[in-house]
Amino acid sequence: MLHHIPDVGAFLAAISRGLRPGGRAFFLEPNRRFYLALGQALADIVALLLPGHQGHPDGLQPLLNWLAQQRLETLHQGNIEFLSTLEDKHQFTAEQVARLGEDAGFATSEAIPFGPDPTGASTLRGLLGEIGLEASVVETVTQMMASIGPRYMSLLGPADAAPTLLIWLTKADVAIEPPPRLPLVRPPASVPDPRLGGVAPWCHLTVVATVAAGQLELHVSGWCLSNLDIEWVRVRAQREMRNAPVWLPRPDVQRAMNPHGHYAPWNALCCGVDARLFMGPAVMGGGGYACSVSLVFAGGAVIEIDTPKVFPIGETVSLWV
């Protein structure tokens, strides 16, 4: 249940207060590193299967939808405000569990692998059945996992070779004053260069400005390819800033723009953007609305996109990177 709760730290602190001395709390929660490895393997498999699905790959759509949802949740771990809009909000690592338990006042906090599945085969079978994939596609994907899965699953250590973590929290036998904690000091983070992913980002976006009930609305759609994960397409207008997440399934982009695999399959398959951003009361100037558009990458890098001086009402403005 923890992965459904926006503020896990506050919830665990409440659990800690409610337990008697020496009391314990247990949770079964998804293992983030395991699902990252499984998602990478499945993205490689889908990329290989796409050429055999002409037109829209209906048979693969449930798997594409799962990959997109996983990507959305993974990219925004830690962003409680955004994750609160999703049903499944968190996946956990052992280090995160230790920190959460300590902050909540528990004497011990452990993350124990539950249901080891080092190859991912057992978890995959359950997942493919749950998302409603056709039997013939299930058989194909399962067979391909045997050869492609080890690329990623073999990189997991013993503590992460299971889809679930048993989170075991213990309250101290007697009330004790916690020692003062030193502030966590991190070295200054260097902002990664998006071009270091092997090839430069490649994006096509369209923006349409409309006014309804006196409010400016911008419809942002398109796709963004990059080997460094893109979290948002960020739009600024009228002193307002809004973010459109990059995550929707776009198998057409993988097929047309990434046939030689210059971009990671998961990044290419789930690179779509389609969001309506409400920018407040419309204030026209110069025959349209001044907007700026940028790409925001995981790690903090930002690329500003060249845009027209104004976006006319009702006209589609095309932007390329």
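If ASP160 meets every condition in (1) out of contact with any Lys or Arg (no Cβ under 6 Å at 6 or more places or on another chain); (2) within 27 Å of GLY299 (Cα to Cα); (3) at pLDDT 95 or above apart from one, which number is that one?
The single condition ASP160 does not satisfy is (1).
For residues that are loosely packed, with under 12 Cβ neighbours inside 10 Å, closer than 15 Å to ALA41 by Cβ and within 24 Å of the chain's Cα centre (by Cα), tally how many sit in segment 127-147.
Qualifying residue count, segment 127-147: 0.
How many of the residues making up segment 116-126 are under 22 Å from the mean Cα position of the chain (by Cα) and outside any loop (DSSP other than H, G, I, E, B)?
Selection size over segment 116-126: 3.
Looking only at segment 255-273, how many residues end up being outside any helix (DSSP H, G or I) and either more than 13 Å from ALA68 (Cα to Cα) or of a type in the set (A, V, I, L, M) (or both)?
8
Looking at (1) over 16 Å from the mean Cα position of the chain (by Cα); (2) surrounded by 12 or more Cβ atoms within 10 Å (Cβ to Cβ); (3) not aromatic (Phe, Trp, Tyr), which is the only condition GLY22 fails?
For GLY22, the exception is condition (2).
ASN267 - would you say it is outside the structural domain of VAL46 (by TED's automatic domain parsing) and either surrounded by fewer than 21 Cβ atoms within 10 Å (Cβ to Cβ) or charged (D, E, K, R) (or both)?
no
Take GLU87 and decide whether it is of a type in the set (Asp, Glu), exposed (fewer than 15 other Cβ atoms within 10 Å of the Cβ) and part of a helix (DSSP H, G or I).
Taking the combined requirement at face value, the residue does not satisfy it.
State all residues of segment 212-242 that are among the basic types (Lys, Arg) and part of a strand (DSSP E or B); if no residue qualifies, say none.
Across segment 212-242, the qualifying residues are ARG234, ARG236, ARG242.
The values are calculated or read from the model by the stated rules, or taken from the named source; none is laboratory data. Since we're looking at a predicted model, the values are computed, not measured. Backbone-built Cβ (ideal geometry, glycine too); neighbour counts: all protein chains shown.
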